[in-house]
Amino acid sequence: MTLLALLVSTDDSASEVLGRVLPGYGIAVERFSDLATALDRCHQQRFDLLILDYDDPKAAAQVLEECRGLSWGNPTVTVALVAEPAKVRDILSGGAHFVLYKPLSEEKAQAGLRAVAALLSRERRRAHRVPVQAPVEIKLPDDRPADGILLDLSETGMEVLTAEPQIPAALLHFRFQLTDGSVRVEAHGQVAWANPNGQTGVQFLDLDDSTKAQLKAWVQAASGTSGPNAEEMVPHCKLTDLSLGGCYLESDSPFPEHALVDLCLKTGEIAVHTEGLVRVTHPGQGMGVEFPSRTPEQRAHVGDLIGMLRNSPQSMLELIVSPRALRADVTQFEPAELADENADDVEDPLLELLRRGPALDQEEFLAELRRQRSGETVAP
């Protein structure tokens, strides 16, 4: 399935470069230089990717706000075209996920879009819907019960048919069990879209971890997909700084802030994985990733990764970073209450810097990182 991008820009040179590069990632592009026409098109077509030129920041912000208000389901990945690096921090804080610097060359576009394509591929797999039929018990916003028929199912939502049309953005409580008895789901969801005939798209809101795992396994088995595809992996990340709490990775194609990523360290046939939350992103430079530390199992994964780094020759190691989700569950990166009375006593300057990163400009952050390196080398 080809992905679709909306490009809003009056820059012919950048648009021509993107028009050549995007198809190589399986992304078709519709380009508009007129704001009104672009806004009209947003209401006619769902786009997987927005590429907005911040030469006109008001127009870019308007398109972004307009698309956020549409019932497109998952958040649309957004790339900002930026000519002035000093404006990047405000643009990222305003909702953009990625940045491409202008003037744009084919080489820069290829490198910068690598992580974009990887994240889009992962989000598409998470939202892949499997046709299935099963009865659904629904409680409407006014507490009335309603019966529905499940039409398809994904890791993140479902399509259901009800006797009466639903209201977009409404909150529902639902429960169902698949006919093979393998998965039982009870949770709340939000109506992402609704048709007059009762067909309704529902985005899951509060699935527990056990149900998420069962649902993910069922969808992968039913659709014949498992594990990240090759196009979802971003190699050539260089680990420059490391602590028990997080790391900094140099990359010309970093993932966006708040994203959940998988870090895989490979040597020969051995691979060690740990998840991470992207705390700070520096376009074209790198990203700071915080490790989860809520549970003993999570801390053990991080310990295994650090142990492999210390005990393996650097020339034999390969680090691959893959996206898991556009937005991580930040509760998994907060210490469990009373989990370890001494946890707050452990100083971790790198982790503290990563958490402060979004409030610093890039040069301030990198200068502090260099000062930490000169004081103590944390990477093996």
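Some observations on this one:
- With a simple spin-label model that places each label point 7 Å from the Cα along the Cα-to-Cβ direction, the separation between THR179 and GLU106 comes to 5.2 nm.
- Within the accessible area of the stretch 154-293 (1.4 Å probe), percent carbon and sulfur: 52
- Length added when fully stretched, ARG124-LYS212, from 0.36 nm per residue minus Cα-Cα: 30.0 nm
- Filter on LYS108/LYS238; LYS212/LYS238; LYS58/LYS102 - keep pairs with C-alpha separation over 29 Å: LYS212/LYS238
- Positive-end extreme of charge dipole, the chain - chosen from PRO292, LEU317, ALA134 (charges on Cβ): ALA134
- Helices in the chain, meaning DSSP H runs of at least 4 residues, each add -39500 (n - 2.57). Divided by all residues, the mean residue ellipticity at 222 nm is -9000 deg cm²/dmol.
- Under the criterion of Cα pairs below 8 Å and six or more residues apart, the relative contact order for the chain equals 12 percent.
- In nm, spacing of pseudo-spin labels at GLN220 and ILE149 (7 Å Cα→C-beta vector): 3.2
- Contact order for the stretch 1-157, expressed relative to its length and based on alpha carbon pairs under 8 Å spaced 6+ residues apart, stands at 18 percent.
- FRET efficiency, 1/(1 + (r/R0)^6) with R0 35 Å, evaluated for ALA169 and GLN285 via beta carbons: 0.40
- Accessible surface calculations at 1.4 Å, restricted to protein heavy atoms, place the chain at 50 Å² per residue.
- Surrounding net charge for ARG89, when Lys and Arg each add one and Asp and Glu each subtract one, Cβ distance under 13 Å: -4
- Ordered from highest to lowest accessible area with the whole protein assembly present and a 1.4 Å probe, ARG68, ARG299 read as ARG68, ARG299.
- Accessible surface of the stretch 1-151 [probe 1.4 Å, protein heavy atoms]: carbon and sulfur percent: 50
- Spacing of the modelled spin labels on ALA36 and ASP56, each 7 Å from Cα toward Cβ, amounts to 1.2 nm.
- Accessible surface, 1.4 Å probe, highest first, among residues GLU297, GLU155, GLU347: GLU347, GLU297, GLU155
- Global form of the stretch 38-141, assessed from the alpha-carbon gyration tensor, a/c cut-off 1.5: prolate
- Packing, taken as the mean count of other beta carbons within 10 Å per residue, orders the peptides 112-121, 355-364, 204-213, 43-52 from highest to lowest as 112-121, 43-52, 355-364, 204-213.
- Cβ-Cβ FRET estimate between ARG20 and LYS87, R0 fixed at 22 Å, reported to 0.05: 0.25
- Sequence-separation-based contact order of the stretch 243-329, relative, with Cα cut under 8 Å and 6+ spacing, percent: 39
- Antiparallel %, DSSP beta bridges [both residues in the chain], to 5: 75
- GNM on the chain, alpha-carbon springs under 10 angstrom: the most fluctuating residue among GLY284, GLY198, GLY246 is GLY198.
The values are calculated or read from the model by the stated rules, or taken from the named source; none is laboratory data. Because the structure is a prediction, the values reported are computed rather than measured. As a convention, Cβ positions derive from the backbone with ideal geometry for all residues, glycine included, and neighbour counts pool all protein chains shown. Side chains are part of the model used for accessible areas, which takes the heavy atoms of the whole protein and leaves out ligands, DNA and RNA. Shrake-Rupley method; radii C 1.70, N 1.55, O 1.52, S 1.80 Å.
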